[in-house]
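The values are calculated or read from the model by the stated rules, or taken from the named source; none is laboratory data. None of the values given here were measured: they were computed from a predicted structure. When we count neighbours, we look across all protein chains shown, and the Cβ atoms used for this are built from the backbone with ideal geometry, even at glycine. Note: areas computed on protein heavy atoms with side chains; ligands, DNA, RNA excluded. Shrake-Rupley method; radii C 1.70, N 1.55, O 1.52, S 1.80 Å.
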Amino acid sequence: MITCTDCKHYLYISCDRKLLFTSPFHKRRLLNAKVFSSETLLPKALVNENDQQSLLSVPVPVFIPHSKEDDMSLIAGDKSVIVVTIGGRYDLKSAMFYRESSNSSVEATIEDYLAAQLCPAAASDTTYFFLMCCSCGSIYRINV
């Protein structure tokens, strides 16, 4: 069983993939009832029924555009993307929109990232983002 320490939910392994792709910034833990232990999961880790972990290409979570056909989904692109939040740094993949009916995909634009409250580090850069605060609009930064 997996627990999300951010939203306080217990997840079956079959439900974890959806959380992983929609909320990769959440802190998840794998609970092992056999030996009464738990371990923190990486943001890209997916657990199978035997409690073995594999790393996936996880896309930056952006809003999926509305379409007449309800067959558009979010998939991981090829480009590596870094997102910095108040909870830390996340190494993810660029977001792409996949349409099943036409078997086509398109890369998310800078506007898609901005709509998801992700602020690029530079105006033309889509490889490094900071997450904006929903309530006050502040941008989380890490001072090194």
Accessible area in the full protein assembly, largest first, 1.4 Å probe, for 75, 64, 13: 64, 75, 13
From the backbone phi of region 21-29, what are the Karplus-calculated ³J(HN,Hα) couplings (6.51 cos²θ - 1.76 cosθ + 1.60, θ = phi - 60°) in whole Hz, Gly and Pro given as x? 7, 9, 9, x, 8, 6, 8, 10, 10
Sequence-distant residues sharing a close amide H with residue 9 (under 5 Å, placed H): 4
Cross-link candidates for residue 93: which lysines have Cα within less than 22 Å, leaving aside residues fewer than 8 places away along the same chain? 18, 27, 44, 79
Helix-only CD estimate at 222 nm, as mean residue ellipticity for the chain, using -39500 (n - 2.57) per DSSP H run (n ≥ 4): -3000 deg cm²/dmol
Calculate, for residue 114 and residue 39, the FRET efficiency according to 1/(1 + (r/R0)^6) with r their C-beta to C-beta distance and R0 25 Å; round to the nearest 0.05. 0.10
Please report, as a whole percent, how much of the solvent-accessible surface of region 1-90 comes from carbon and sulfur atoms (probe radius 1.4 Å). 56
In Å², rounded to a whole number, the accessible area per residue of the chain with probe 1.4 Å is 63
Hey, if we sort 6, 51, 16 by accessible area with the 1.4 Å probe, largest down, what's the order? 6, 51, 16
Read-out P(r) over Cα pairs in 10 Å bins from 0, in percent, derived from the coordinates shown; its label in [x] 11, 37, 34, 16, 3, 0; [y] 10, 29, 26, 18, 13, 4, 1; [z] 11, 45, 36, 7, 1: [x]
The long-range amide H neighbours of residue 79, using H built 1.01 Å from N in the peptide plane and a cut-off of under 5 Å, are 94
Contour minus Cα-Cα span, residue 25 to residue 7, at 0.36 nm per residue, comes to 5.4 nm
Could you go through region 90-100 in sequence order and give the Karplus-derived ³J(HN,Hα) for each residue, using 6.51 cos²θ - 1.76 cosθ + 1.60 with θ = phi - 60°, rounded to whole Hz, and x for Gly and Pro? 10, 9, 10, 10, 4, 8, 10, 9, 10, 10, 5
Tell me, what is the 1.4 Å probe accessible area of residue 17, in Å² to the nearest 10? 120
Heads up, I need the accessible area for residue 5: 1.4 angstrom probe, whole protein in place, Å², nearest 10. 50
